[in-house]
Each structure stands twice: as structure tokens, then as C-alpha cells.
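Worksheet: one structure, shown below.
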Amino acid sequence: MNQEPRHFTTQLAVIGSGIAGFAASIFAARRNIRSAQVGNTGAVAYTTGYLDLIGKQGSAPGSVADPWQALKTLRESEPQHPLSRVAQAEIRQAFAEFTEFLGEFGLAYSAPGERNLTALSPIGTLKPTLCMPATMAAGPAALAGNAACVIVDIHGLKGFSGAEMVANLGQQWPALSTQRVTFPDMARGEVYPEVMARALEVPATRAKFAALLKALAGPATVIGLPAILGMHGPDQVHAELERLSGLEIFEIPTMPPSVAGLRLRELFEQALPRKGVTLIPQQKVSALSFEDDGATLALSDSYGAIRVHAQAVILATGRFMSGGLHAHQSGVREQLLDLPVTQPASRAEWYRERCTDPLGHPINRAGIEVDDLCRPLSKEGGVYNKRLFAAGSILAHHDWIRSRSGAGIALATAFKAVTGVEQFLFNPGRPSRVGHNRR
Amino acid sequence: MAESAIATINFKQAALQLLPQGANFEACLSCGLCSSGCPASGIENMDPRKFIRMALLGMDEELSNTPWIWVCTLCKRCEYICPMSIDVSKLVFLARSNWPQDAKPVGIVRSCEMTRATDTTSAMGMSPADFEFVVTDVLEEVRARQTGFKQLQAPIDKRGAHFFVNQNSREPMSEPDEMVPLWKIFDIVGADWTYASKGWAAENFCMFTGNEAAWREVIEKRVNAVNELGCEVWLNTECGHSYYTMWHGIERFGLQARFRLESIVTYYAKWIREGRLPVDARWNTRGIKFTVQDPCMIVRKAYGDAMADDMRFVVKTLVGEANFIDMQPNRSANYCCGGGGGALQAGMTAHRRTYGKRKFDQIEATGAAYVLTPCHNCHSQMHDIGRFYGGNYGIVHLWTLICLSLGILGKNEQLYLGADLLV
């Protein structure tokens, strides 16, 4: 059969489709850098939609209220931490650009502020975060004001229990109650948030659901729902449901796969091509090589071979689950280029004895080393290649789950890497310009 | 349903051979993205995640016997969305092939048998002579009755023609006038094309029966037919699985195809870009809204988003950018309509409609008056679920709208148009 391989030529190739990869494409698009992005289903689909900067300071008890102060402290205690190596102005800019982009495509976020917000989890616990989707914003406010609120859960929906939320939150939120409903036209077996979210984009279903909520609200004026308010354009579904029911409504992220995460993923897949980004979704890069005049990514989709030729590359391949790092018997390896990975000396030192040790586990801080422009370092300690940059959780010296700083590390380092790429492409030899933004 | 006993497959062992390196059961995180995004989830108390978990638990007898394998449309959305690239459809195909012939859904089996019964490979059993008669008859009528088409051509067995054109049997058998818009498009762009007396038919339900030998036999007939005529391009017209069965079959069975496989959608886009197909949206003065259905078989399972983007370019040119509303999700992430995998032939109507509810919601959410799709199974399924769930949208072939835009759509070629579009 006669079939030709496909070639793409671009200025920047982003490898990875987690928050860091997508953020890199967004930042690059705003700087008129032509990009192509390749990556398999990233961890985005498992996120809550909350954008954390830093919610926990080292092994200190309690949550971080002022993330910017916490970053200053972090810079003293952990100077190698990725967040310690990006200026606060750049981090603020990264959050602002990222949330503005989401808002432009129908997923409004609270603006990044000076203090952390208190976010609700599906089991009725609380966590600090910097930004949250507008569809979730009324929850923390209702909690703070002890508003008369009904958490509505749904027959057949697993991993979201109103009774559990009331049990965990009832003491600090006495006006909280719960009720269970059957989702309109969806009687059979297990129901998935994704399916309900799509169904609520149909006006007729929305009207039926609004009538259900209105009937059960009683004296309550606020309704808390699992995150099901539409997949595409949730702001509109949220506004319509509030209008139809006359109630204030907020969403709570569900267990993965949560609509809040799928929404981000689908938004990126829709919006980035419109911004001129060549997106090659759901494919893994099998090889990356560097020549004198550029880099080449090799991959194949169901149709056949694809080659992407780029001037610069951002490696945002994530950690173990996403395939950026792999744990071999002999140790942790970086998968694409075999970049040196900073890691405990032996497997015996990966974990501390107690699973819940407040110091965390050394393996979680393994990762690759970069210079101040986010360029990975080689075994000899120099820059691996002037065309290669890295961002996100693959970097060493952080434990993002423990510090509640997943989005923060992704956005900050993606911003830094794109700044480095911009300098490489347009101003080689000049120092990086912090916070520069050519719109 | 089952007549003969179904042998038990060791799915865990089979997966080691069938799934690519790294994409094994052990890699499954049980996250449920597959089931969440599968319109067949819950039907027959099964879903993709459950299928994998049951295989891991060694529940081989239950899996070997579940009728869910005929509800799954082999659309591969589970693999597409899976972070570990686990392809449940490979195991479902294996299970289908394992069912005794007399236990498989009769409709799919019969369609496959019909396909093998004649040299045309038509699943409706149309003979070479009948095909030639219908084509000639319709052509003569158009030449006689429609102005501007006195010289219209519909060649059969023209050696060395650039395009070998296939056709879904539904047109010559049931709605022959639907072939005419395509002929007119070829006429306008000056394409060098031919039908063939052998192997012209598009459909291939043998793949869906799980019968690899039969699938191969049909594809071999078609490959030989194109090779014999010495055509450069096998041009797949508006049919989804015909492309996938041929393209994947040639690769799978190592057949020698001395030609390229292309989709008509690619050429619609190319001809519009080159100015050879001078369509525009000026006819759509009332701002009628359209959406498109991406057939799994040519988008997610074959070409990927490049084909979906070509289709959007064509449709936006035809209806106007502002009158195009995308379904969500779309392109490679689109849901199967529920008509794929032989479902329209399988006779499990209630299940097929339950599956199709998700497609119905997608279409309704767009608010579009029409869905355009280059796939007959999508076409039939969306038509059926629209009526079943009380929708008010129409389904249209791209060729119809192209000719409508060009002002050359004949009276008999408007079968799928509503009152708002009748010329």
C-alpha cells in the first residue's frame, strides 16, 4: 500500500499533555511562537479543576493561608525547589495568563489572589487552593456564611456521597443537609459525571433537572452538586441552571475521572488549534533526537508515522504515571533521552518507614536537573542541548502532592521554559526578560 | 441468543499477545475514563473497565459469553482516552471471533455471507449486471432530463482511470438517485474516475462478525479489482467502515495493493481549495445551522484529526462559518453514534438506542437543524435515534449539500432535505 509519513515543521514542540504541557502551549501562543504539542492522555483528566500554588509548608502542621509568603519561606528552606527558582512576578503572570485563557473559552476562574481559598473535596474535607472555577466559587462562601444549603447527590453515582459530606462538615456548617435524586432520563445502573454533564448541555434536560432542584430545596437557597454542570461552556450551563431554579448553585469536584478535569482537557483540545497550535493528541513520542539545525520527534498514530521538526523542545512528560520517568530495578530513568535523574542512592531509600511520615518520601523528590532557564542538564553537568527545555512534575526537588503545589509547579516552570524558548528563538545571547509578554 | 456452546477464552493470556508492549492489564489504573466515555457502559451490566477487571480476575467464562461484545461497536474510544492505551476492542473482537457462527447475531452474519456471495462484494447481494443496469439507467435519465448534464459520465471498468470509486450498496439498491450528486461533482472537477463491475461495494460486515478469513477474502477481491484496473487511487466515498476494513485489512493481511487509499472528504477539501469546486454559503440566507458527525472509522481509527479538519473546512465553506456548530466532544474524541460495529444489523434495537442516547444528547446540545456525515451507518443510526428520542434534526450527505450550493441538485436528489432546504 502506498502511504507516506507525515511531517510537521514548527518552532516549538511541546512533549506532554498535562497542565505543564498545555500551559506551555498557551504561553507560547501568546508570544507568537508556532507550536506543536504531542502527548497521551495526561493527568489533566484526573485533576479537580482547582489550581493550587502552595497549600502546605514543609512538614509544618496546618494549611498555608498566604501562598506568597510561603514561597518566600520555601526559597530559604528549599532553594532547589522548582518554585524557588521562578520569580513571584513570573508565577503571578503565569496564573493570570492561564486563567484568562480558560475564561476566554467559557471556563471562568477566580483571579489569582493574595490569599489561598478554601476548597471543598468530594468527601467533605477542605483544602487550600489559589484559583477555582467560577462554577465552584459559591461553595466556600456558603460554608463561611453557614448558608442553608443542600448537597444533592445522585442515584448510581459512585464516589460522591452527600451524607458523607454532611458527616464531615456538619460541625462547622450546621445549616448543611443532603438529598438524593434520580438524574432525568438516566435510570439504569451506574451513572457517570461525564454523561450527566453532557446531558445538562441539552436545554430540555436542564429544565427537568432545575425543576428537581427547585422541588427539593425547601428553605435552602444554596445547592451543592457534584461537578456535572456541562462539559463545554460550563459557565453557561451554571448560569442557566441558576436562572431556571432560582437557586444559588455550586459544584464540588468528584473522584477521578472528574468532569472538572475532563473539561480542562477538552477545552485545551478545542481551544489550542484555534490559537494556531498543532495538536497531535493521544500519542506518545517514541524518540527525540537533536541535529545541528533542530530537533526531531518521532511518533506514530493509527494512520502511520509522524515526524515533527522543531527549533526548540519543551519536555513536560510528567512522572511515573505519565511515562516521563520509569522505575527500573536498578533505579529511576528518564524515558526519552535518558537524562540523569537525581534520586535516592538505592531502592531501599525510596521510602521512609511510615507511610504518613510528615517528611514525605525521598522517591517523590526524584527528577531531572535543570539550569536557571529550565534547560535539562547532562551527566557531565552542562546543558544537555541548547534547544531542550523542561517543565512540570518531571523536575527534581519537589513533592507536589504533599505541598499541594501541582498546578503551581506546572504553570511556573512552563512559563519559565517558554521564556527561555522565546529568548533562544528570538534573542539568542540576550538575558531572559522577566514577565515580558508580547500579546 | 446462543445456539452452540461458546468456548472459553483465556483473556489474560490473549491480552499478552494482542495488546502492544506496555498496554497490558497490569497497567490499568482502574480509573474509569474508558467507562465514563463509553456509550455502551451499563448495557448488559458491562463496561470497558469491568471487562478488563473481570479478565484480570480470570472470569473468562462470563466474558466469553457476554452478549455485550455485540453492543460494543469496536470504536476504540476507550483506547483513545486510556492513559495506558489499553485497547478493549481487541479483546472484544477476539470474543466475537470465538462465538460459534450460529450463535452470532444473524443480521451481521447474513450481511457478511451476502458480501461473499457475489464478485461485487455487495452486502445487499447486488450482482455486477444489476449494478451496471442501475448505473446506466440512472445516468440516461439524468442526461435526458437535467440541463447541463448531457455529457455526464459514470464509467464502469475503465482501465487506468485515476480514481477507483466505491459505493455503498444502499445507493444503487435502494436510493439510486443519491449516486447522482457524486457523479456531478466528478464532472465539475473533471475527475478521471471509474466504478468497477467487481469489488465496487463499500460495506464489509465480515470484520464485525469476527471472521478474519471472510474479512480477508472480501478485501482481497477489492484489492485485486483495483490492481486489475490499474487505478492510482482507491477513493472511498461517504462510508466509514469501508475505509477502515480495507486500509486495516491490507496491513493486517499483508496484501499487495498497488494504489493509494484516500477518502472523498480529502478530495472535497482539495478541490475547494484549488477552486475546482466553487462552492460557497451564499445559499444559506436563513442561517440554517449545521453540525458534523466524525465517523470513528475514518477519524479516530484511521486518519486522525487531519481528516476531521478537512471535513470542517468543507462544511464551513458550504454552510458559512457562523452556521457551523461543533458537537462536543468531537474529532478523534467523538463518541460513536452506536450504529457501528454491525450494530445496525445485529437486531439488538433497544441496546442500540440506549447507546445512541449519548449521540442524541450531543446533537441536541448543538441545536443544529442538520447533521452532516460521510458515513452511512452514522447516517442511519442518527436518523433512527432522532425519531426515537423525539429530535427534530435531519441527516445529510456532504455530496447533497455540495450540489445544493452549486445549484445543481436535481429534484430526485433531495431525499434527506427538510422543507427548509428543498430546492
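Derivation of every value follows stated rules applied to the coordinates shown; laboratory data play no part. Quick caveat: nothing in here was measured; it's all calculated off a predicted structure. Virtual Cβ from ideal backbone geometry, glycine too; neighbours counted across all protein chains shown.
Worth pointing out:
- Cα gyration tensor, the stretch B:158-253 - rounded (a/c under 1.5), prolate or oblate: oblate
- Helical content alone sets the calculated 222 nm signal of chain B at -13500 deg cm²/dmol, taking -39,500 (n - 2.57) per DSSP H segment of four or more residues and averaging over every residue.
- Inter-centroid distance (Cα atoms) of the stretch B:201-246 relative to the stretch B:41-84, Å: 28
- Each Cα pair under 8 Å and six or more residues apart adds its separation to the average, and for chain A the resulting relative contact order is 24 percent.
- Scoring B:134-140, B:46-52, B:123-129 by mean Cβ neighbours within 10 Å over their residues and listing the highest first yields B:46-52, B:123-129, B:134-140.
- Axis angle, to the nearest 10 degrees, between helix A:234-245 and the longest C-alpha principal axis of chain A: 0 degrees.
- Peptide B:332-338 - average C-beta neighbours from other chains (10 Å radius): 2
- Within the shell of other residues whose beta carbon sits under 15 angstrom from the beta carbon of B:MET124, the net charge comes to -4, with Lys and Arg scored +1 and Asp and Glu -1.
- Average beta-carbon neighbours from other chains, 10 Å sphere, peptide A:168-181: 0
- Three-way shape call for the stretch B:227-339 based on the alpha-carbon gyration tensor, with the a/c threshold at 1.5: oblate
- Neighbouring partner chain Cβ atoms per residue of A:315-327, average, 10 Å criterion: 1
- Rounded to the nearest 10 degrees, the inclination of helix A:259-274 to the longest alpha-carbon principal axis of chain A is 50 degrees.
- Highest average first, the peptides B:274-285, A:127-138, A:30-41, B:168-179 ordered by how many other beta carbon atoms sit within 10 Å of their residues are A:127-138, A:30-41, B:168-179, B:274-285.
- Radius 12 Å from Cβ of B:GLY32, net charge of other residues (Lys, Arg +1; Asp, Glu -1): +1
- Prolate is the label for the stretch A:309-439. Its Cα gyration tensor axes, ordered a ≥ b ≥ c, give a/c of at least 1.5 and a/b above b/c.
- Around B:LYS301: net Lys/Arg minus Asp/Glu count, Cβ-Cβ under 14 Å: 0
- The trypsin sites (Lys or Arg not before Pro) found in the stretch B:178-223 include none that occupy coil by DSSP while having at most 11 further C-beta atoms within 10 Å.
- Chain A: Lys pairs at Cα distance under 20 angstrom, eight or more positions apart or on different chains: 4
- Rounded to the nearest 10 degrees, the inclination of helix A:406-426 to the longest alpha-carbon principal axis of chain A is 40 degrees.
- The calculated 222 nm mean residue ellipticity attributable to helices in chain A amounts to -9000 deg cm²/dmol, summing -39500 (n - 2.57) over DSSP H runs of n ≥ 4 and dividing by all residues.
- Cross-link table B:LYS158/B:LYS198; B:LYS12/B:LYS76; B:LYS221/B:LYS270; B:LYS158/B:LYS221; B:LYS90/B:LYS198, entries beyond 22 Å C-alpha to C-alpha: B:LYS221/B:LYS270; B:LYS90/B:LYS198
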